[in-house]
Amino acid sequence: MKFHVLGNRTKLEIDVRQRNYPDSRDYWDANWVASVIHLEIPGYMVHFEADLRTEELRDFVEELRTMNENLGGTAILKNLDSYIYLEGTMDRLGKIAWTIETCYPAGIGTQLTSEFESDQSYLRILIDELDRVLEAFPVIGKA
């Protein structure tokens with residue numbers, strides 16, 4: 001299950017593949033998902049495995065939905081293990097300024113930071129892709 005953030009000469013693809021602990025019903029264990037992050041920016045290509053949390057994806061898509069409805073605001077995908085930080089802010093004209101930071105190995109490895117822009121036309125597709133990911137990997141339990 002993949003979702004994409006696309007911009008001017010930039011492509012971020014996150015492939016959510018499976019739950020790390022598929023038999024767990026414990027909130028803290030059950031919501032880890034094994035993913036692959038693939039980022040292409042001018043001059044660089046990043047590709048690595050990362051453990052994300054389903055509530056991180058849920059919170060991100062909720063902020064994206066608000067951004068889309070209000071035609072403004074900010075949405076953030078912040079990973080507990082610091083593999084990825086993605087922040088998008090929409091201006092009044094529908095342009096989204098994205099900042100992305102990746103780190104591999106998590107917390108101690110090589111860091112890459114980049115900025116790019118996209119317009120709101122990509123937002124609905126991103127929301128739909130994240131909705132499908134969360135349908136396949138819903139948040140289990142409560143904190």
Out of (1) under 21 Å from Trp32 (Cβ atoms); (2) over 11 Å from the mean Cα position of the chain (by Cα); (3) touching a residue at least 24 places away in the same chain (Cβ under 8 Å), what's the single condition that is false for Leu86? (2)
For residues that are out of contact with any Asp or Glu (no Cβ under 6 Å at 6 or more places or on another chain), in contact (Cβ under 8 Å) with a residue 24 or more places away in the chain and surrounded by 15 or more Cβ atoms within 10 Å (Cβ to Cβ), tally how many sit in the range 89-110. 6
Test for Arg132: is it assigned to a helix (DSSP H, G or I), touching a residue at least 12 places away in the same chain (Cβ under 8 Å) and over 13 Å from the mean Cα position of the chain (by Cα): yes
With the structure loaded, tell me whether Ile125 is out of contact with any His (no Cβ under 7 Å at 6 or more places or on another chain) and either surrounded by 16 or more Cβ atoms within 10 Å (Cβ to Cβ) or of a type in the set (Lys, Arg) (or both) or whether it fails that test. no
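Just to verify a result, which residue in the range 104-127, among those that are of a type in the set (Gly, Ala, Ser) and under 19 Å from Leu71 (Cα atoms), is farthest from the chain's Cα centre (by Cα)?
Ser121
We did not get these values from a lab; they are worked out from the coordinates using the rules stated. Everything numeric here is computed off the predicted structure, so don't read it as measured data. When we count neighbours, we look across all protein chains shown, and the Cβ atoms used for this are built from the backbone with ideal geometry, even at glycine.
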